[in-house]
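What follows is calculated from the coordinates using simple rules that are stated; it is not laboratory data. Bear in mind that the values here come from a model prediction, so they are computed numbers and not experimental data. Cβ coordinates were reconstructed from backbone atoms using ideal geometry, including for glycine residues, and neighbour counts include every protein chain displayed.
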Amino acid sequence: MSLLISYIRLPSILALLSQISSLTITICLAMAADFPLNFIEWSLVQGSIAAFIGYQLKMAAWWIPIHFLFMPALVAILSLELSPLWFSVSFLLLFLIYGKTYQTQVPLYLSSQDVTRAITSLLPTHQRFTFIDLGSGCGGLLNKLSKTHTQGTYYGIEAATLPFLISKLRNLLIATKCNIKWGDFWHHDLSHYDVVYAYLSPVPMESLWEKVRQEMRPGSLLISNTFKIPGVEPEKCIQLNDFSKSTLYIWRI
Ligand SMILES: C[S@@+](CC[C@H](N)C(=O)[O-])C[C@H]1O[C@@H](n2cnc3c(N)ncnc32)[C@H](O)[C@@H]1O
């Protein structure tokens with residue numbers, strides 16, 4: 001029962017419920033109303049109801065415009081009468097990139113050049129070290145670090161299929177190979193690494209700290225891009241001037 005409740009509370013499930021219930025209400029309204037509205041106008045009614053339901057369900061603020069715009073965008077795109085193939089291909093691509101996000105609650109966005117440069121300044125210069133990127137995306141960060149700091153051994157774990165395949169392909173083109181696996185980093189032991197890098201989301205940070213405390217070796221380094229661990233002061237913060245104004249939070253274990 002508690003598993004069912006925790007699934008229902010997932011934002012993706014709440015979003016689906018908001019959209020389906022607002023669609024049902026809109027269809028009932030359309031059947032009962034004696035004023036003629038066109039498809040786009042009804043889609044705006046549906047979007048407004050979905051946004052209201054999302055708000056009532058206390059979903060994060062950024063869900064509200066998504067709820068409002070989802071159906072009008074769908075109607076507008078359908079009116080373009082594109083070949084169904086485009087929809088199938090787009091769906092497949094999005095599924096291969098974001099299909100696991102409903103579970104992980106961590107979408108794909110990439111570390112900037114400034115982040116790479118700042119991390120470079122934190123890595124040991126004269127001794128060998130091991131580095132892991134938790135959720136390594138398309139492997140860009142590992143790829144760049146392995147070129148400049150060749151004394152490191154680089155690891156990555158990525159859950160999303162397409163970014164993982166891209167990182168594997170990139171890896172073929174570089175001299176210092178990175179060890180990138182497809183999988184879930186929650187099932188991976190962090191005790192082998194000198195530096196652990198995470199660019200995730202606010203959702204998993206508390207659980208990540210529990211894992212780090214249990215598994216990481218004393219003296220090793222945890223670097224989190226953008227997301228703090230609630231209630232745990234970092235040893236150092238590096239504020240960057242990139243497009244998303246990233247901050248690196250650093251903890252020495
Ligand atoms: C914000 S992106 C960061 C990508 C890359 N580390 C970078 O800095 O450019 C986060 C990535 O973590 C992946 N991810 C989230 N949870 C994961 C998990 N439990 N196991 C493996 N990968 C995960 C997501 O699929 C996504 O590609």
Quiz item: What distance in nm separates the simple spin-label points at HIS192 and THR148, each placed 7 Å from Cα in the Cβ direction?
Solution: 2.6 nm
Quiz item: Which chymotrypsin sites (Phe, Trp or Tyr not before Pro) does segment 57-93 hold that lie in a coil by DSSP with at most 16 other beta carbons within 10 Å?
Solution: TRP62
Quiz item: trypsin sites (Lys or Arg not before Pro), restricted to segment 56-160: which are DSSP loop and have at most 16 other Cβ atoms within 10 Å?
Solution: LYS58, ARG128
Practice problem: Apply 1/(1 + (r/R0)^6) to the Cβ-Cβ distance of ALA61 and GLN105, taking R0 = 22 Å, and write down the FRET efficiency to the nearest 0.05. | Solution: 0.90
Quiz item: By the scheme Lys and Arg +1, Asp and Glu -1, what is the net charge of all other residues having a beta-carbon under 14 Å from that of TYR154?
Solution: +4
Practice problem: Could you work out which residue, out of GLY219, GLY137, GLY156, moves most in a Gaussian network model of the chain, that is, has the largest mean-square fluctuation with Cα springs under 10 Å? | Solution: GLY219
Quiz item: If you line up the long axis of helix 205-215 against the longest principal axis of the chain, both from Cα atoms, how many degrees apart are they, to the nearest 10?
Solution: 30 degrees
Quiz item: Each residue of segment 238-253 in turn: what ³J(HN,Hα) in whole Hz from Karplus with 6.51, -1.76, 1.60 and θ = phi - 60°, glycine and Pro shown as x?
Solution: 10, 8, 10, 10, 7, 4, 9, 6, 4, 10, 9, 9, 10, 10, 8, 6
Quiz item: Using a Gaussian network for the chain with springs between C-alpha atoms less than 10 Å apart, which of these wobbles most: ILE174, ILE27, ILE223?
Solution: ILE27
Quiz item: With contacts defined as alpha carbon pairs under 8 Å and 6 or more residues apart, what's the relative contact order of segment 2-81 in percent?
Solution: 32 percent
Quiz item: Using +1 on the beta carbon of Lys and Arg, -1 on that of Asp and Glu, and nothing else charged, what's the dipole of segment 113-252 about the Cα centre, debye to 20?
Solution: 440 debye
Self-check item: Cα-based shape type of segment 2-81, given that a ≥ b ≥ c are square roots of the gyration tensor eigenvalues and the cut on a/c is 1.5
Solution: prolate
Quiz item: Taking H as built 1.01 Å from N, whose amide H comes closer than 5 Å to the amide H of GLY156, not counting residues under 5 places away?
Solution: ASP133, ASN179, ILE180, LYS181
Self-check item: Debye, to nearest 20: dipole size of the chain, +1 on Lys, Arg Cβ, -1 on Asp, Glu Cβ
Solution: 820 debye
Practice problem: With just the Cα atoms of segment 113-252, tell me how far they stretch along each of the three principal axes, in Å, largest first. | Solution: 41, 32, 30
Quiz item: Rg(Cα) of the chain divided by 2.2 N^0.38 Å?
Solution: 1.23
Practice problem: May I ask which residue of THR116, PRO163, ALA32 lies farthest towards the positive end of the charge dipole of the chain, with charges of +1 (Lys, Arg) and -1 (Asp, Glu) on Cβ and the Cα centre as origin? | Solution: THR116
Practice problem: Can you tell me the 0 to 90 degree angle between the C-alpha axis of helix 84-98 and the longest principal axis of the chain, rounded to 10? | Solution: 40 degrees
